[in-house]
Amino acid sequence: MADYRAAIDIGGTFTDICVVAEETGKLEVFKVPTAVDPIDGLIDGLAESGVEPEQMALLTHGTTVATNALITRGLPPAVMVTTRGFRDVIEIRKGTREFIWDVYRDPAPPYIRRRDRLEVSEATDARGNVVEPLDEEEARSLAGVIAKRGAAAVAVCFVNSYANPANETRMKEILEEELDGVFVCTSSEVLPELFEHDRFSTAVVNAVLAPLVGDYARRLRSRLSSAGYRSDVLLLHSGGGVMTTAMAEQLPVRLAASGLAAGAIATQHLAGACGLPHAIGLDMGGTSTDVSVVAEGEVQTTKRWFVEWGHPICFPSVDIRTIGAGGGSVIWIDEAGALRNGPQSAGSNPGPACYERGGELPTNTDANLVLGRLGDELIGGAMTLSREAARSAIEGHVAKPLGMSVEEAATAALRVANAHMADAVRLLSIRRGYDPRDFALVPFGGAGPLHAATLARELGVPLTVVPPNPGITSAFGALLVDIRHDLSQMLLGLAGELTDAELEAVFGELESEARELLDDEGVPEDRMRLTRTIDMRYTGQWRSLTIPIGPGAVSLAEVVKHFHDEHEREYHYRRDEAPVEVYRLNIVARGIVPKPELEPAPSGAEPQPRSERQVVFDEAIEWVQTPVFARPDLPRGAVVQGPAVIEQLDSTVIVPPWAKAEVDEWSNLRVSEKEEQR
């Protein structure tokens, strides 16, 4: 019997496992150290759970394989084949700089070096007319060059192929005939859209990742199959959905932010269960903090993002701001004598000084430990922390050089980390037209609940909702994710000149393709959900806004009204008299995956603290005798008045003296300011 569903999130420090019993909805969580080979950590995590692979109905997995490969540049040799005269498109980019006033900072080099960007004779105009057919003799000659260079992948990127892919498709056919075992993709099949830099860049990233992701997907399938697992392995992709390993082998670029999206999906689910339409997700782990936004019940997404600036990936992705502020972020002093926090991290090996694994530099974990906010154990006693080692690291590297006490230095360092996180939240909220005071903060990751209450107060956020298992919330989010495909078709024209019937025809073609994709992945018709959107802009603009369309036939006049409203919210102005241009039609195709039915929180007696300890809560550097509660002891409806520390297997929740925490019906902790503090 397949009695369980499992989700696994592999992070830089720990591998998190969520297991839900199909019949009872009972949720169990586990953490194991991340292994050198991520698949080993995954297998170890399943063994730790005690659930045999043959007992699992479904396994969902978020992976950092693609992200890490791009960050470290650990990429296989690859070649780009392009229209003659266009091999430098991915290096010229858009002629802009990340920091426009810093002329000395060079962008990261392309993922494929110039000598491996090969040209071929062909031409297609902007209307899709083939001006010059592909020179097939030249194409076969290039295949020989590629073979000699030992390339593992090829990206075929022709100008205007979005309008007519015939030449690109033929080039791919020739390369597949001539090259055995080499992955080949075309820009028109990866991203059939205007703007050759965005299209070429996305196709190149897809090509360089394919050998690595393909190998990972095949090994993962093989290891799990050998262990007895019989269902599909679903991999989380950056758009907030999942895809089969077979699809991931064809579109590995979609895994470039795999692990990050699950936290945003979990934020959406938790906020929805609490009746909160607006929420800010704060995922603070060992290395970084990821911030996401849910507005009107929907996770906010972006269509242009990157791992390294200058090399865009133009698939829809959950809009996430990542900063180097995690539990393992190093506290240091720069050349000007200023206190800094991150972005470099001690990681899991050697880790913070308090781990006593060879790490000598102070980190946020060390600071929280010396202030009493963290206890001396993690993961239910599986890890022991050394308060003396933490004090020594902070004293030697921070306190003495700045003429501070250890407590002052630790408090100052955490204030710097909180300031970085607050800035990240503002970038995703205020700059997008949202007021953080209308949102709830949902902190998770092992370190998120340690900082959340103070951060919420700084931002003016009235409510913090701490999930039942913060340290494995991303893994829990992977349990909630549906199969998802994003399809689009360029359709340039003035809204006043296009007809509803023209749009309906294009949407019909996209929806037919979407249903085929979902059908190939075994999704039954009654679980298919197709959502339409239109990208629009004022004539003369090059940025567009994505406008959702409700069910039923298209009414372009209504969509234009909605566009004006959205433009005002995003950019704080509108021009109702200006002509509006349709840019692109999109379909989001979802295959609904059954969601686990979780148990409501149990009732019980008023909780009693298990111990007490001295804690410093703010810059006043006052030690406060603080009760320490075990979170499993807190029943539904329990109210914990600050100051308090609430400990559990995967995280620690800080309730400052000015706050209180209440357990809701789904075991979330709702932290807010006391009435007298408002």
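What are the trypsin sites (Lys or Arg not before Pro) within segment 438-543 that DSSP puts in a loop, where the Cβ has at most 15 other Cβ atoms within 10 Å? Walk me through the numbers on the way to the answer.
Details: sites: Arg457, Arg484, Arg515, Arg527, Arg529, Arg532, Arg537, Arg543; in loops: Arg543.
For trypsin sites (Lys or Arg not before Pro) across segment 438-543 that sit outside H, G, I, E and B with at most 15 neighbouring Cβ atoms in 10 Å, the list reads Arg543.
If each residue of separation counts as 0.36 nm, what is the full-extension length gain between Asp125 and Arg304 once their alpha-carbon separation is subtracted?
Once the chain is fully extended between Asp125 and Arg304, it gains 61.9 nm.
Select from segment 103-205 those chymotrypsin sites (Phe, Trp or Tyr not before Pro) which occupy a DSSP coil region and have at most 14 other Cβ atoms within 10 Å, ordered by residue number.
Numbers: sites: Tyr104, Tyr111, Phe158, Tyr162, Phe183, Phe195, Phe200; in loops: Tyr104, Tyr111, Phe158, Tyr162, Phe195.
Filter output for segment 103-205: Tyr104.
Return one whole number: the accessible area per residue of segment 294-399 in Å², for a 1.4 Å probe.
Accessible area per residue: 40 Å².
How much area per residue is accessible in segment 167-273 when the probe is 1.4 Å and only protein heavy atoms are counted (Å²)?
For segment 167-273, the per-residue accessible area is 30 Å².
Using 0.36 nm per residue, how much length does the chain from Asp618 to Asp576 gain when fully extended, once their Cα-Cα distance is taken away?
Full-extension gain reported as 10.1 nm.
Working out 0.36 nm times the residue gap between Thr96 and Lys26, then minus their Cα-Cα distance, what length gain in nm do you get to one decimal?
20.0 nm
Is any residue of segment 90-111 close enough, with backbone N under 19 Å, to a label point placed 7 angstrom from the Cα of Glu335 along the Cα-Cβ axis, and if so, which?
102-106
Hey, got a sec? Which trypsin sites (Lys or Arg not before Pro) in segment 18-103 land in a DSSP loop and have at most 12 other Cβ atoms within 10 Å?
Arg73, Lys94
So how many Lys-Lys pairs in the chain land under 26 Å Cα to Cα, not counting same-chain pairs under 8 apart?
The number of close lysine pairs in the chain is 6.
Which part of segment 254-289 falls in the paramagnetic zone of Ala419, meaning amide N under 19 Å from the point 7 Å along Cα-to-beta-carbon?
Once the point is set 7 Å along Cα→Cβ of Ala419, 289 turn out to lie under 19 Å by backbone N, inside segment 254-289.
Scan the chain and note any complete DSSP helix (H) whose C-alpha atoms cover at least 20 Å along its axis and whose Kyte-Doolittle average is -1.0 or more. Working shown, then result.
Numbers: long enough: 196-227 (45 Å, -0.10); 258-273 (24 Å, 0.84); 406-428 (34 Å, 0.58); 500-520 (30 Å, -0.46); 556-571 (22 Å, -1.25).
Helix filter hits for the chain: 196-227, 258-273, 406-428, 500-520.
At 7 Å along the Cα-to-beta-carbon direction for both Asp135 and Glu606, put a label point, then send me their distance in nm to one decimal.
8.7 nm
Once you compute Rg and the Kirkwood Rh from C-alpha atoms, what is the Rg to Rh ratio for segment 261-419? Let's see the in-between values first.
Details: Rg = 18.1 Å, Rh = 17.1 Å.
Result for segment 261-419 is an Rg/Rh of 1.05.
Out of the total accessible area of the chain (probe 1.4 Å, heavy atoms of protein only), what percent is carbon and sulfur?
Heavy-atom surface of the chain belonging to carbon and sulfur, 1.4 Å probe: 49 percent.
Kindly identify segment 69-178 as rounded, prolate or oblate by the Cα gyration tensor criterion: order the square roots of the eigenvalues as a ≥ b ≥ c, call it rounded if a/c is under 1.5, otherwise compare a/b with b/c, prolate if a/b is larger, else oblate.
Oblate, because a/c is 1.5 or more while a/b does not exceed b/c.
Return, for the Cα atoms of the chain, the radius of gyration and Dmax in Å, separated by a comma.
26.1, 81
With runs of 4+ DSSP H residues as the only contributors, calculate the mean residue ellipticity of the chain at 222 nm using -39,500 (n - 2.57) per run, divided by the residue total and rounded to the nearest 500.
-9500 deg cm²/dmol, from helical runs alone.
Given R₀ = 60 Å, what would the calculated FRET efficiency be for Arg218 paired with Glu675, taking r from the Cβ atoms and rounding to 0.05? Working shown, then result.
Working: r = 58 Å, r/R0 = 0.97.
Rounded to the nearest 0.05, the efficiency is 0.55.
The values are calculated or read from the model by the stated rules, or taken from the named source; none is laboratory data. Quick caveat, the model's predicted, so the values are computed rather than measured. Positions of Cβ are generated from backbone atoms using ideal geometry, with glycine treated the same way; all protein chains shown enter the neighbour counts. Quick note on the areas: whole protein, heavy atoms, side chains included, nothing else; ligands and nucleic acids left out. Shrake-Rupley method; radii C 1.70, N 1.55, O 1.52, S 1.80 Å.
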